[in-house]
Amino acid sequence: MKLPALALLGLVGLQRPGTAPARRVATTRAAGRAELNPAAAVAATFCMSTGFDYLVDTQDFTAINDLSMWCPEGHVAAAKALAFVGLAHEDREIREKSMQGLGVQISALMEEEDPVAKEYIGLIAQMLKDDSSEVVRQEAVQALKDLGITAIGRQADAMVTMCITALAEAAVDDEAMHVRAPAAEALSSVAVRALGAGRRDLATDIMGKLELQVYADGEGPVRGAASRALGRVAIAALGGIDDTITAQCVAALREKGLGDDDFHVRWMAVNALGKVAKRAKAVNEPDVVDLVISALKEKALGDKTDHIKHRAAEILQGYKGYTGDE
(Lines give C-alpha, C1' and ligand atoms only; values in the text may rest on other atoms or scores of the structure.)
Protein backbone atom coordinates (compact mmCIF):
# COMPACT_ATOMS: atom_id res chain seq x y z
CA MET A 1 0.00 0.00 0.00
CA LYS A 2 1.33 3.42 -0.95
CA LEU A 3 1.73 5.76 2.01
CA PRO A 4 1.37 9.48 1.27
CA ALA A 5 4.32 11.58 2.38
CA LEU A 6 2.47 13.28 5.23
CA ALA A 7 1.16 9.97 6.56
CA LEU A 8 4.64 8.47 6.40
CA LEU A 9 6.14 11.40 8.26
CA GLY A 10 3.40 11.08 10.85
CA LEU A 11 4.14 7.38 11.15
CA VAL A 12 7.70 8.07 12.26
CA GLY A 13 6.68 10.99 14.44
CA LEU A 14 8.28 13.74 12.37
CA GLN A 15 7.00 17.14 11.37
CA ARG A 16 7.83 19.29 8.39
CA PRO A 17 10.85 21.63 8.42
CA GLY A 18 10.27 24.90 10.20
CA THR A 19 8.37 23.54 13.19
CA ALA A 20 10.02 23.55 16.60
CA PRO A 21 10.30 19.72 16.84
CA ALA A 22 11.68 19.65 13.30
CA ARG A 23 14.36 22.17 14.18
CA ARG A 24 15.28 20.16 17.27
CA VAL A 25 15.75 17.02 15.17
CA ALA A 26 17.92 18.91 12.66
CA THR A 27 19.93 20.47 15.47
CA THR A 28 20.48 17.07 17.08
CA ARG A 29 21.82 15.67 13.80
CA ALA A 30 24.00 18.70 13.11
CA ALA A 31 25.56 18.49 16.55
CA GLY A 32 26.53 14.88 15.95
CA ARG A 33 25.12 13.56 19.19
CA ALA A 34 25.26 9.83 19.71
CA GLU A 35 21.59 9.52 20.54
CA LEU A 36 19.22 10.79 17.84
CA ASN A 37 15.72 11.96 18.42
CA PRO A 38 13.69 8.69 18.48
CA ALA A 39 11.57 9.82 15.54
CA ALA A 40 14.66 10.55 13.47
CA ALA A 41 16.08 7.17 14.41
CA VAL A 42 12.95 5.44 13.09
CA ALA A 43 13.17 7.44 9.88
CA ALA A 44 16.85 6.58 9.53
CA THR A 45 16.16 2.85 9.92
CA PHE A 46 13.49 3.09 7.22
CA CYS A 47 15.62 5.08 4.81
CA MET A 48 18.88 3.25 5.14
CA SER A 49 17.39 -0.19 4.55
CA THR A 50 15.22 -0.44 1.43
CA GLY A 51 12.84 2.36 2.31
CA PHE A 52 13.71 4.63 -0.58
CA ASP A 53 13.56 1.70 -3.02
CA TYR A 54 10.03 1.02 -1.79
CA LEU A 55 9.05 4.66 -2.26
CA VAL A 56 10.37 4.66 -5.83
CA ASP A 57 8.40 1.52 -6.67
CA THR A 58 5.24 3.03 -5.21
CA GLN A 59 5.94 6.39 -6.90
CA ASP A 60 5.79 8.37 -3.66
CA PHE A 61 8.37 10.90 -4.77
CA THR A 62 7.15 13.56 -2.36
CA ALA A 63 7.96 11.25 0.54
CA ILE A 64 11.43 10.67 -0.88
CA ASN A 65 12.15 14.40 -0.87
CA ASP A 66 10.73 14.83 2.63
CA LEU A 67 12.55 11.90 4.22
CA SER A 68 15.86 12.62 2.51
CA MET A 69 16.09 15.76 4.64
CA TRP A 70 15.71 13.82 7.89
CA CYS A 71 17.85 10.75 7.52
CA PRO A 72 21.60 10.74 8.14
CA GLU A 73 23.10 10.49 4.65
CA GLY A 74 19.52 10.83 3.43
CA HIS A 75 20.39 12.59 0.16
CA VAL A 76 22.95 9.90 -0.65
CA ALA A 77 20.43 7.12 0.00
CA ALA A 78 17.65 8.86 -1.92
CA ALA A 79 19.90 9.58 -4.90
CA LYS A 80 21.03 5.95 -4.98
CA ALA A 81 17.45 4.66 -5.05
CA LEU A 82 16.35 7.16 -7.68
CA ALA A 83 19.36 6.40 -9.85
CA PHE A 84 19.63 2.64 -9.64
CA VAL A 85 16.00 1.69 -9.05
CA GLY A 86 14.08 4.59 -10.59
CA LEU A 87 16.11 5.29 -13.73
CA ALA A 88 16.45 1.57 -14.44
CA HIS A 89 12.70 0.95 -14.13
CA GLU A 90 10.77 -0.32 -17.14
CA ASP A 91 7.92 2.10 -16.40
CA ARG A 92 8.51 5.32 -18.32
CA GLU A 93 6.62 7.45 -15.81
CA ILE A 94 8.76 6.18 -12.93
CA ARG A 95 11.93 6.97 -14.90
CA GLU A 96 10.60 10.46 -15.66
CA LYS A 97 9.77 11.27 -12.04
CA SER A 98 12.98 9.66 -10.82
CA MET A 99 14.92 11.95 -13.14
CA GLN A 100 13.16 14.96 -11.62
CA GLY A 101 13.81 13.74 -8.10
CA LEU A 102 17.45 12.87 -8.76
CA GLY A 103 18.16 16.41 -9.91
CA VAL A 104 16.87 17.70 -6.58
CA GLN A 105 19.01 15.24 -4.63
CA ILE A 106 22.14 16.06 -6.64
CA SER A 107 21.64 19.75 -5.90
CA ALA A 108 21.49 18.90 -2.20
CA LEU A 109 24.66 16.80 -2.52
CA MET A 110 26.39 19.76 -4.18
CA GLU A 111 25.45 21.94 -1.23
CA GLU A 112 27.00 19.34 1.05
CA GLU A 113 30.08 19.23 -1.22
CA ASP A 114 29.67 15.50 -1.63
CA PRO A 115 31.85 14.28 -4.54
CA VAL A 116 29.28 11.62 -5.45
CA ALA A 117 27.23 14.42 -7.07
CA LYS A 118 29.58 14.33 -10.05
CA GLU A 119 28.94 10.62 -10.58
CA TYR A 120 25.19 11.13 -10.66
CA ILE A 121 25.50 14.00 -13.14
CA GLY A 122 27.38 11.56 -15.35
CA LEU A 123 24.52 9.09 -15.01
CA ILE A 124 21.95 11.70 -16.07
CA ALA A 125 24.14 12.62 -19.04
CA GLN A 126 24.23 8.96 -20.04
CA MET A 127 20.45 8.65 -19.69
CA LEU A 128 20.10 11.68 -21.96
CA LYS A 129 21.96 9.70 -24.61
CA ASP A 130 20.46 6.28 -24.06
CA ASP A 131 16.89 6.42 -22.75
CA SER A 132 14.28 5.38 -25.29
CA SER A 133 11.68 7.85 -24.04
CA GLU A 134 11.68 11.38 -25.43
CA VAL A 135 9.92 12.57 -22.27
CA VAL A 136 12.63 11.13 -20.01
CA ARG A 137 15.32 12.75 -22.14
CA GLN A 138 13.50 16.08 -21.87
CA GLU A 139 13.56 15.71 -18.09
CA ALA A 140 17.28 14.97 -18.28
CA VAL A 141 17.77 18.22 -20.20
CA GLN A 142 15.91 20.14 -17.50
CA ALA A 143 17.93 18.46 -14.75
CA LEU A 144 21.26 19.19 -16.44
CA LYS A 145 20.28 22.82 -17.00
CA ASP A 146 19.44 23.28 -13.31
CA LEU A 147 22.54 21.41 -12.19
CA GLY A 148 24.78 23.39 -14.53
CA ILE A 149 23.43 26.63 -13.08
CA THR A 150 23.93 25.34 -9.54
CA ALA A 151 27.44 24.12 -10.32
CA ILE A 152 28.44 27.57 -11.61
CA GLY A 153 27.37 29.04 -8.29
CA ARG A 154 29.42 26.40 -6.47
CA GLN A 155 32.43 27.03 -8.75
CA ALA A 156 32.42 23.32 -9.55
CA ASP A 157 34.00 23.59 -12.99
CA ALA A 158 34.18 19.87 -13.71
CA MET A 159 30.45 19.46 -13.14
CA VAL A 160 29.67 22.59 -15.17
CA THR A 161 31.64 21.17 -18.07
CA MET A 162 29.83 17.85 -17.84
CA CYS A 163 26.44 19.59 -17.98
CA ILE A 164 27.37 21.85 -20.89
CA THR A 165 28.90 18.99 -22.87
CA ALA A 166 25.86 16.75 -22.40
CA LEU A 167 23.42 19.52 -23.32
CA ALA A 168 25.44 20.50 -26.40
CA GLU A 169 25.56 16.91 -27.60
CA ALA A 170 21.80 16.57 -27.10
CA ALA A 171 21.14 19.85 -28.92
CA VAL A 172 22.96 18.48 -31.95
CA ASP A 173 22.68 14.70 -31.89
CA ASP A 174 19.35 13.73 -30.29
CA GLU A 175 16.98 12.13 -32.78
CA ALA A 176 13.98 14.14 -31.52
CA MET A 177 13.74 17.85 -32.29
CA HIS A 178 11.62 18.22 -29.14
CA VAL A 179 14.73 17.29 -27.19
CA ARG A 180 17.24 19.20 -29.32
CA ALA A 181 15.31 22.49 -29.07
CA PRO A 182 14.97 22.46 -25.25
CA ALA A 183 18.64 21.49 -24.99
CA ALA A 184 19.60 24.57 -27.00
CA GLU A 185 17.53 26.82 -24.76
CA ALA A 186 18.92 25.09 -21.67
CA LEU A 187 22.40 25.98 -22.88
CA SER A 188 21.39 29.63 -23.04
CA SER A 189 20.16 29.49 -19.44
CA VAL A 190 23.54 28.18 -18.33
CA ALA A 191 25.26 30.89 -20.39
CA VAL A 192 23.15 33.60 -18.76
CA ARG A 193 24.13 32.33 -15.32
CA ALA A 194 27.76 32.14 -16.39
CA LEU A 195 27.74 35.78 -17.48
CA GLY A 196 26.19 36.76 -14.17
CA ALA A 197 29.03 34.96 -12.41
CA GLY A 198 31.70 36.61 -14.54
CA ARG A 199 32.45 33.43 -16.50
CA ARG A 200 32.83 34.88 -19.97
CA ASP A 201 34.73 31.76 -21.06
CA LEU A 202 31.74 29.52 -20.47
CA ALA A 203 29.32 31.93 -22.14
CA THR A 204 31.56 32.29 -25.19
CA ASP A 205 31.85 28.52 -25.50
CA ILE A 206 28.08 28.08 -25.36
CA MET A 207 27.46 30.92 -27.81
CA GLY A 208 29.80 29.23 -30.29
CA LYS A 209 27.96 25.94 -29.97
CA LEU A 210 24.61 27.63 -30.58
CA GLU A 211 25.82 29.58 -33.60
CA LEU A 212 27.94 26.95 -35.31
CA GLN A 213 26.18 23.73 -34.40
CA VAL A 214 22.54 24.33 -33.47
CA TYR A 215 21.95 26.82 -36.29
CA ALA A 216 23.03 24.04 -38.66
CA ASP A 217 20.14 21.80 -37.55
CA GLY A 218 17.86 20.42 -40.23
CA GLU A 219 14.65 21.34 -38.38
CA GLY A 220 13.34 24.91 -38.33
CA PRO A 221 12.00 24.78 -34.74
CA VAL A 222 15.46 23.85 -33.46
CA ARG A 223 17.09 26.70 -35.36
CA GLY A 224 14.32 28.93 -33.99
CA ALA A 225 15.29 27.82 -30.50
CA ALA A 226 18.86 28.85 -31.32
CA SER A 227 17.56 32.32 -32.22
CA ARG A 228 15.75 32.65 -28.90
CA ALA A 229 18.79 31.33 -27.06
CA LEU A 230 21.21 33.76 -28.70
CA GLY A 231 18.85 36.63 -27.96
CA ARG A 232 18.88 35.71 -24.27
CA VAL A 233 22.66 35.51 -24.18
CA ALA A 234 22.95 38.87 -25.96
CA ILE A 235 20.67 40.51 -23.39
CA ALA A 236 22.53 38.93 -20.47
CA ALA A 237 25.82 40.37 -21.75
CA LEU A 238 24.45 43.94 -21.88
CA GLY A 239 25.08 46.54 -19.21
CA GLY A 240 28.84 46.53 -19.61
CA ILE A 241 29.20 42.81 -18.92
CA ASP A 242 30.55 41.85 -22.34
CA ASP A 243 29.93 43.99 -25.42
CA THR A 244 31.77 41.54 -27.67
CA ILE A 245 29.39 38.67 -26.87
CA THR A 246 26.35 40.89 -27.46
CA ALA A 247 27.70 42.03 -30.82
CA GLN A 248 28.49 38.46 -31.89
CA CYS A 249 25.01 37.28 -30.94
CA VAL A 250 23.38 40.13 -32.86
CA ALA A 251 25.56 39.33 -35.88
CA ALA A 252 24.51 35.66 -35.75
CA LEU A 253 20.84 36.62 -35.47
CA ARG A 254 21.23 38.98 -38.40
CA GLU A 255 23.04 36.65 -40.77
CA LYS A 256 21.79 33.21 -39.77
CA GLY A 257 18.48 33.98 -38.10
CA LEU A 258 17.10 36.60 -40.46
CA GLY A 259 18.77 34.87 -43.41
CA ASP A 260 17.15 31.48 -42.78
CA ASP A 261 14.77 29.97 -45.35
CA ASP A 262 12.32 28.91 -42.63
CA PHE A 263 9.73 31.50 -41.60
CA HIS A 264 9.70 30.21 -38.01
CA VAL A 265 13.45 30.84 -37.62
CA ARG A 266 13.25 34.35 -39.08
CA TRP A 267 10.26 35.16 -36.86
CA MET A 268 12.15 34.05 -33.74
CA ALA A 269 15.19 36.06 -34.84
CA VAL A 270 13.30 39.31 -35.48
CA ASN A 271 11.60 39.06 -32.09
CA ALA A 272 14.88 38.23 -30.36
CA LEU A 273 16.49 41.29 -31.92
CA GLY A 274 13.56 43.42 -30.79
CA LYS A 275 14.11 42.32 -27.20
CA VAL A 276 17.84 42.99 -27.44
CA ALA A 277 17.18 46.52 -28.70
CA LYS A 278 14.66 47.21 -25.96
CA ARG A 279 17.06 46.12 -23.25
CA ALA A 280 20.01 47.93 -24.84
CA LYS A 281 18.03 51.16 -24.88
CA ALA A 282 17.09 50.67 -21.22
CA VAL A 283 20.75 50.30 -20.16
CA ASN A 284 21.90 53.10 -22.48
CA GLU A 285 23.92 51.13 -25.01
CA PRO A 286 23.19 53.01 -28.26
CA ASP A 287 25.82 51.10 -30.26
CA VAL A 288 23.89 47.88 -29.73
CA VAL A 289 20.60 49.55 -30.63
CA ASP A 290 22.25 50.76 -33.83
CA LEU A 291 23.37 47.23 -34.66
CA VAL A 292 19.83 45.93 -34.25
CA ILE A 293 18.32 48.79 -36.27
CA SER A 294 20.77 48.10 -39.08
CA ALA A 295 20.00 44.38 -39.05
CA LEU A 296 16.25 44.91 -39.16
CA LYS A 297 16.43 47.52 -41.93
CA GLU A 298 18.76 45.55 -44.16
CA LYS A 299 17.45 42.03 -43.59
CA ALA A 300 13.92 42.06 -42.14
CA LEU A 301 12.20 44.97 -43.88
CA GLY A 302 12.86 43.28 -47.20
CA ASP A 303 11.59 39.87 -46.05
CA LYS A 304 9.43 37.89 -48.44
CA THR A 305 6.61 37.61 -45.88
CA ASP A 306 4.41 40.45 -44.71
CA HIS A 307 4.39 39.16 -41.11
CA ILE A 308 8.11 39.69 -40.66
CA LYS A 309 8.13 42.99 -42.56
CA HIS A 310 5.37 44.33 -40.31
CA ARG A 311 7.03 43.05 -37.15
CA ALA A 312 10.34 44.66 -38.09
CA ALA A 313 8.59 47.95 -38.90
CA GLU A 314 6.76 47.79 -35.58
CA ILE A 315 10.03 47.38 -33.69
CA LEU A 316 11.77 50.13 -35.64
CA GLN A 317 8.91 52.54 -34.96
CA GLY A 318 10.00 52.63 -31.32
CA TYR A 319 13.43 53.97 -32.28
CA LYS A 320 12.55 56.89 -34.53
CA GLY A 321 15.07 59.64 -33.92
CA TYR A 322 17.31 57.33 -31.90
CA THR A 323 21.09 57.60 -32.31
CA GLY A 324 22.09 56.15 -35.65
CA ASP A 325 18.57 56.21 -37.11
CA GLU A 326 17.58 58.47 -39.92
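Which residues, taken from segment 127-168, are of a type in the set (A, V, I, L, M) and closer than 22 Å to GLU112 by Cβ?
Within segment 127-168, the subset of a type in the set (A, V, I, L, M) is 127-128, 135-136, 140-141, 143-144, 147, 149, 151-152, 156, 158-160, 162, 164, 166-168.
Passing the criteria: ALA143, LEU144, LEU147, ILE149, ALA151, ILE152, ALA156, ALA158, MET159, VAL160, MET162.
Name the residues in segment 60-90 that are in a loop (DSSP other than H, G, I, E, B) and in contact with a helix residue (DSSP H, G or I) (Cβ under 6 Å, 6 or more places away or on another chain), would you? Write out each step before concluding.
Filtering segment 60-90 for residues in a loop (DSSP other than H, G, I, E, B) gives 60, 69-73, 87-90.
Answer for segment 60-90, where residues must be in a loop (DSSP other than H, G, I, E, B) and in contact with a helix residue (DSSP H, G or I) (Cβ under 6 Å, 6 or more places away or on another chain): TRP70, CYS71, PRO72, LEU87, HIS89.
Are there helices (runs of 4 or more DSSP H) fully within segment 241-326 with at least 2 residues that are closer than 18 Å to LEU230 by Cβ and among the small types (Gly, Ala, Ser)? List them.
Details: elements: 243-252, 263-282, 286-295, 306-317.
Filter on segment 241-326 gives 243-252, 263-282, 286-295.
Looking at segment 221-233, is at least one residue farther than 15 Å from VAL192 by Cα, open to solvent by less than 40 Å² (accessible area, probe 1.4 Å), outside any helix (DSSP H, G or I) and charged (D, E, K, R)?
Within segment 221-233, not a single residue is farther than 15 Å from VAL192 by Cα, open to solvent by less than 40 Å² (accessible area, probe 1.4 Å), outside any helix (DSSP H, G or I) and charged (D, E, K, R).
Looking at this structure, is ARG223 of a type in the set (D, E, K, R) and closer than 24 Å to ASP173 by Cβ? Break it down into steps so the answer makes sense when it comes.
Details: of a type in the set (D, E, K, R): yes; closer than 24 Å to ASP173 by Cβ: yes.
Spelling it out, ARG223 is indeed of a type in the set (D, E, K, R) and closer than 24 Å to ASP173 by Cβ.
Identify, from the list ALA237, ALA251, the residue that is of a type in the set (Gly, Ala, Ser) and either surrounded by 19 or more Cβ atoms within 10 Å (Cβ to Cβ) or at pLDDT below 95 (or both). Give the derivation first.
Details: ALA251 fails: either surrounded by 19 or more Cβ atoms within 10 Å (Cβ to Cβ) or at pLDDT below 95 (or both).
Matching residue, one of ALA237, ALA251: ALA237.
Within the set of pairs 6+ apart or on separate chains, which have a first residue in segment 46-67 that is over 19 Å from GLU96 (Cα atoms) and surrounded by 16 or more Cβ atoms within 10 Å (Cβ to Cβ), a second that is modelled with pLDDT under 85 and among the aromatic types (Phe, Trp, Tyr), and C-beta atoms under 9 Å apart?
PHE46/PHE52; PHE46/TYR54; CYS47/TRP70; LEU67/PHE46; LEU67/PHE52
For a quick check of your reading of the model, give me the residue pairs whose first member lies in segment 105-121 and is under 14 Å from ALA143 (Cβ atoms), whose second is at pLDDT 90 or above and among the hydroxyl-bearing types (Ser, Thr, Tyr), with beta-carbon atoms closer than 9 Å and at least 6 apart or on different chains.
From segment 105-121, the pairs are GLN105/TYR120; ILE106/TYR120; ILE106/THR150; SER107/THR150; LEU109/TYR120; MET110/THR150; ALA117/SER107.
The values are calculated or read from the model by the stated rules, or taken from the named source; none is laboratory data. Note that this is a predicted model, so its numbers are computed, not measured. Cβ sites come from the backbone with ideal geometry, for glycine too, and all protein chains shown count toward neighbours. Calculation scope for accessible area: heavy atoms of the full protein, side chains included, ligands and nucleic acids excluded. Shrake-Rupley method; radii C 1.70, N 1.55, O 1.52, S 1.80 Å.
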